[in-house]
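A short worksheet on the structure shown next.
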Amino acid sequence: MVNLDTGNEEGDAILVVGGGIAGVTSAIEAAEAGCQVVLVEKSAYLGGHVAAFHRYFPKLCPPPCGLEIDFRRLQNNPRITVYTLAEVESLNGSPGNYEAVIRIMPRYVTAACTLCGECERVCPVEIPDAFNCGITKTKAIHLPHRMAFPAQYMIDDDACSNDCSLCADTCRYLAIDLKQKETKKTLRVASVVFATGWAPYDAAKIDNLGFGTCANVVTNVMLERMAAPDGPTAGRIVRPSDGKAPRAVAFVQCAGSRDRNHLPYCSGVCCTASLKQAGYIHSQYPEAKISMFYIDLRTPGHLEDFASKAIAANGIELIKGKVGKVQEQPVSRDLLVTAEDVLGGRKIAREYDIVVLAVGIVPQSAGLPGCVALDEFGFASTNGGPGVLAAGCVKRPAEVAVSIRDATGAALKAMQSVAGRANHG
Ligand SMILES: Cc1cc2nc3c(=O)[nH]c(=O)nc-3n(C[C@H](O)[C@H](O)[C@H](O)COP(=O)(O)OP(=O)(O)OC[C@H]3O[C@@H](n4cnc5c(N)ncnc54)[C@H](O)[C@@H]3O)c2cc1C
């Protein structure tokens, strides 16, 4: 990765904010067309949510399939500079001529890191592993995840105590620099693409569905990690309370979505995601009963075909009706699900070993500049004039293929700003 400071004409660059699949796509497409690109990602690794999936629909291939190719393209392109652990502090200017101040947090681990893992072994501080949704613990110094790009350890500033230097004392490659400080960088760029994506809705806010109070209620995002071979249970989907194999699993669709008290909108991808995840359960436990409680099954366009095949292949029982309550049974910690069965015209109560809440998508638009209009739900509803663009799930809930297409379009618009700047001298 080459730094923008080294010999590129300042001002002609495109700044991409957010290194998920959308941001990485915009960066690569613009760079491969000849533009200088600076990619700024607030976490320690690129890939966003896709990096944490077990498989992605519709092809059900594992995420490294697409991401690894993208990372190779990115790494081989001298026009792209990447800053991780970084955010945009301010953005001023006008189309074709913006000044952005980037704040870069210290990683404390340099490129000399060989991933030997000795530092992690001696580190005395355990913290919840954010990549695994807190299901397992990691150390204050850790590799963000096994396939992380960049493949470099980091220290969690909040967890690490100031008077401990065990990791640095142990590292024989001198790759740990505890004196690193936050730095700032001022860039002049022609255009900015915001691809800051989404976060899952906080399931603990949905009182009646038992998340946080019932041990065996998990979210769809957690299930992705539970199913992943490098996840907290090495890919085995088991009951969190006792590690036992589930005999019956319920998916609760629209957990907090299409609900005025939570997210009033449809998150678009959750029905297809749950059908995919039902496949994870069926492949591990062909005898397990799988029920899906839904309001309407929404699998638009070509995903309709994926849905009908997944329902048939995984023996999913579809129950049209909203779940009223999930309660934990004493001792067994089984889950009693009470719901309407709209088509049967009755109320039903069933027991399950695991309940998966299909929580929706919340746009991460808080840091977008004022020139980008937000809709009533917080999604970016317009671009911010010719030079400031939004791409991916920060605009609307979308599957990966749609996010990629959107990001490619944003790269083109950003490149037009660069070209406009050149034309105007
Ligand atoms: C449970 C679930 C399963 C899914 N499964 C599939 C599937 O199988 N197939 C499929 O096609 N789609 C699936 N999706 C949809 C998929 O997750 C999205 O299409 C995809 O994540 C969109 O990518 P993105 O880059 O827009 O956002 P994200 O993946 O959210 O990436 C955004 C990036 O921006 C960074 N960021 C955020 N704020 C800032 C900031 N202020 N400064 C710098 N960086 C920032 C984040 O750290 C992150 O790296 C699923 C969604 C859910 C909820």
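Residue count for segment 58-83 satisfying the condition of being within 13 Å of the ligand (Cβ to nearest atom) and either charged (D, E, K, R) or in contact with a strand residue (DSSP E or B) (Cβ under 7 Å, 6 or more places away or on another chain) (or both): 6. Ser417 meets each of the listed conditions (1) under 27 Å from Ile28 (Cβ atoms); (2) part of a loop (DSSP other than H, G, I, E, B) apart from (2).
Within segment 168-251, which strands (runs of 3 or more DSSP E) (wholly inside it) include 1 or more residues that are more than 30 Å from Ser26 (Cβ to Cβ)? Please lay out each step first, then the result.
On the way: elements: 183-194, 198-200, 217-219.
Correct list: 217-219.
Condition check for His145 on (1) under 30 Å from Ala390 (Cα atoms); (2) at pLDDT below 95: one failure, at (2). As for segment 123-140, it holds at least one residue that is within 26 Å of the chain's Cα centre (by Cα), crowded, with 20+ Cβ neighbours inside 10 Å, of a type in the set (Lys, Arg) and not assigned by TED's automatic domain parsing to the domain that holds Gly370. Looking only at segment 84-92, decide whether some residue is within 7 Å of the ligand (Cβ to nearest atom) and of a type in the set (Asp, Glu). Yes, there is a match, as at least one residue in segment 84-92 is within 7 Å of the ligand (Cβ to nearest atom) and of a type in the set (Asp, Glu). Of all residues in segment 206-240, those satisfying the criterion of being more than 16 Å from the ligand (Cβ to nearest atom) and within 22 Å of Val323 (Cβ to Cβ) are Asp207, Asn208, Gly210, Gly212, Thr213, Cys214, Ala215, Asn216, Arg239, Pro240.
Okay, residues lined up against (1) surrounded by fewer than 17 Cβ atoms within 10 Å (Cβ to Cβ); (2) within 14 Å of the ligand (Cβ to nearest atom):
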position	(1), (2)
Gln364	no, yes
Gly367	yes, yes
Val372	no, yes
Ser381	yes, no
Pro386	yes, no
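Figure legend. Inter-residue proximity from segment 40-57: first residues within 15 Å of Val24 (Cα to Cα), second residues within 7 Å of the ligand (Cβ to nearest atom) and assigned to a loop (DSSP other than H, G, I, E, B), beta-carbon distance below 6 Å, spacing 6+ or different chains. Indicated pairs: Glu41/Gly19; Leu46/Gly19; Gly48/Gly197.
Just to verify a result, which residue in segment 351-361, among those that are out of contact with any Leu (no Cβ under 7 Å at 6 or more places or on another chain) and outside any loop (DSSP other than H, G, I, E, B), is nearest to the ligand (Cβ to nearest atom)?
Residues of segment 351-361 that are out of contact with any Leu (no Cβ under 7 Å at 6 or more places or on another chain), as a first pass: 353-354, 358-359, 361.
Right, trim to outside any loop (DSSP other than H, G, I, E, B) and you get 354, 358-359, 361.
Numbers: Ile354: 15, Ala358: 7, Val359: 7, Ile361: 6 Å.
Out of the qualifying residues, it is Ile361.
Within segment 79-122, if we keep just the residues that are buried (at least 17 other Cβ atoms within 10 Å of the Cβ) and free of Cβ contacts under 8 Å to residues at least 60 places away in the same chain, the residue that is nearest to the chain's Cα centre (by Cα) turns out to be Ala86.
Quick check on segment 34-57. Is at least one of its residues at pLDDT 95 or above, more than 16 Å from the ligand (Cβ to nearest atom) and among the hydrophobic types (A, V, I, L, M, F, W, C)? Yes, there is a match, as at least one residue in segment 34-57 is at pLDDT 95 or above, more than 16 Å from the ligand (Cβ to nearest atom) and among the hydrophobic types (A, V, I, L, M, F, W, C).
Within segment 388-402, can you find the residues that are within 30 Å of Ser291 (Cβ to Cβ) and crowded, with 24+ Cβ neighbours inside 10 Å? Write out each step before concluding.
Applying the first criterion (within 30 Å of Ser291 (Cβ to Cβ)) to segment 388-402 yields 393, 396-402.
If the condition is that a residue be within 30 Å of Ser291 (Cβ to Cβ) and crowded, with 24+ Cβ neighbours inside 10 Å, then Cys393 is the only one that fits.
Counting only strands (runs of 3 or more DSSP E) that sit completely within segment 266-350, those holding 1 or more residues that are under 25 Å from Ala215 (Cα atoms), at pLDDT 95 or above and within 16 Å of the ligand (Cβ to nearest atom) correspond to 289-294. Tell me whether segment 319-329 contains one or more residues that are touching a Cys at 6+ places or on another chain (Cβ under 9 Å), assigned by TED's automatic domain parsing to the domain that holds Val269 and of a type in the set (S, T, N, Q). The answer is yes; a qualifying residue exists.
The values are calculated or read from the model by the stated rules, or taken from the named source; none is laboratory data. Note that the coordinates shown come from a computational prediction; the quantities given were computed from them, not determined experimentally. Using ideal geometry, Cβ is built from the backbone for each residue, glycine included, and neighbour counts are taken over all protein chains shown.
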